[in-house]
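Data first, discussion second: the structure below is written as structure tokens.
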Amino acid sequence: MPLDYMEAPHLTATELEALVNQIGNTPMRQISLVIEGKIRKTHLKLENLNPTGSMKDRTGLALIQYLEKQGRLHEESIVIESSSGNLGVALALQCKAKGYPFVAVIDPKTTQENIFKMKALGAAIEVVCQADAKGGYLLSRLAYVREMCCRDDRYIWTDQYSSPANPLAHYSSTGPEIYHQMGRQVDAIFVPVSTGGTLAGIGRFFREASPSTRIIGVDARGSVVFGTLPAERKLTGIGSSRRSTFLQGSLYDTYILVGDEEAFTFCRALYVSTGIKLGGSSGATLAACARYLADHPSIENVVCVCADRGENYDSSIFNDEWLYQQHVELSRESAGPVEQILPA
């Protein structure tokens, strides 16, 4: 059940615990992409149906549990994390449920929707406005987090960027769920990348359970996760200004870079055609999948990991005025090889 953020400040301990217990076991939804006149079935792993609306619920839960098992969290602790939005919301829920104060370090690209959600769950917000040398804000956010932790030892950094709990969450839950939901038949799986934890965890699971499954990372054009050149990008929730700590070449087969226009076009086309409203990283993942299917006519059992819900982007991706202000033009060409998206 999605969290009602208008009611979030008044949730009881029992209600918060119930929400935490709903994390994971998200459904799979089949759609069809028409490519060169051929219907290609595609399965969407709908992580938007986690309690706060993204797969970061899995990560947030794992990060807090890991720190608790290490004995690093106590009554005086203040949890702090750098986030472009979704993990901030997920950690806000975890901290409210556990009784820890939480500080989310965000940047100007964080959507107003996610800021509202974090505040509704009791998070304190710190906005870092200085861009880093790579043109993004991640390195600046991380510098701020480190400064706060050095200044006051009550601050405890969950560190989604290097905590082993991040990939482990997806090795132990997301990967196995996909494998069994697909009847153990997965030819290829497309995974959006930011910290790299999701790709590393899912990749490790499938390398052990189904070595023939092709693991494809999906990154934003302008991100440096895979060592490509940095550039300005509008996409949030995917990509990074630094290389991933978690990713090894053995955990994935290849990666595909997707631009802003292409990702946004797929978000909107999917919503119009099927009523499924997903975020920018999901649009990028679907775009990458379409390109891959066009180049591999015989592949059949494919899965796109869809990280979050489109309602987080009502003020951006799904807002015509915002696209105009950002000088983003969506066109038929942005859909690449896809002629049509069908509900099933």
*Which of (1) over 28 Å from residue 318 (Cα atoms); (2) free of Cβ contacts under 8 Å to residues at least 24 places away in the same chain; (3) touching a strand residue (DSSP E or B) at 6+ places or on another chain (Cβ under 7 Å); (4) not basic (Lys, Arg) does residue 124 not meet, given it meets every other one?*
(1)
*What number of residues in the stretch 227-240 are of a type outside the set (Asp, Glu) and over 15 Å from residue 281 (Cβ atoms)?*
5
_Index of the failed condition, residue 311 passing every other in (1) at pLDDT below 95; (2) in contact with a strand residue (DSSP E or B) (Cβ under 7 Å, 6 or more places away or on another chain)_ = (2)
*Check 237, 227 and return the single one that is closer than 27 Å to residue 204 by Cβ and either hydrophobic (A, V, I, L, M, F, W, C) or surrounded by 23 or more Cβ atoms within 10 Å (Cβ to Cβ) (or both).*
237
*Do we have residue 61 as assigned by TED's automatic domain parsing to the domain that holds residue 136, touching a residue at least 40 places away in the same chain (Cβ under 8 Å) and of a type outside the set (Ser, Thr, Tyr) here?*
yes
*With (1) more than 20 Å from residue 219 (Cβ to Cβ); (2) part of a helix (DSSP H, G or I) as the list, and residue 289 as the residue in question, which single condition is left unmet?*
(1)
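The values are calculated or read from the model by the stated rules, or taken from the named source; none is laboratory data. A quick note: this is a predicted structure, and the numbers were derived from the prediction, not measured. Here the Cβ is made from the backbone with ideal geometry for all residues, glycine too, and neighbour counts use every protein chain on show.
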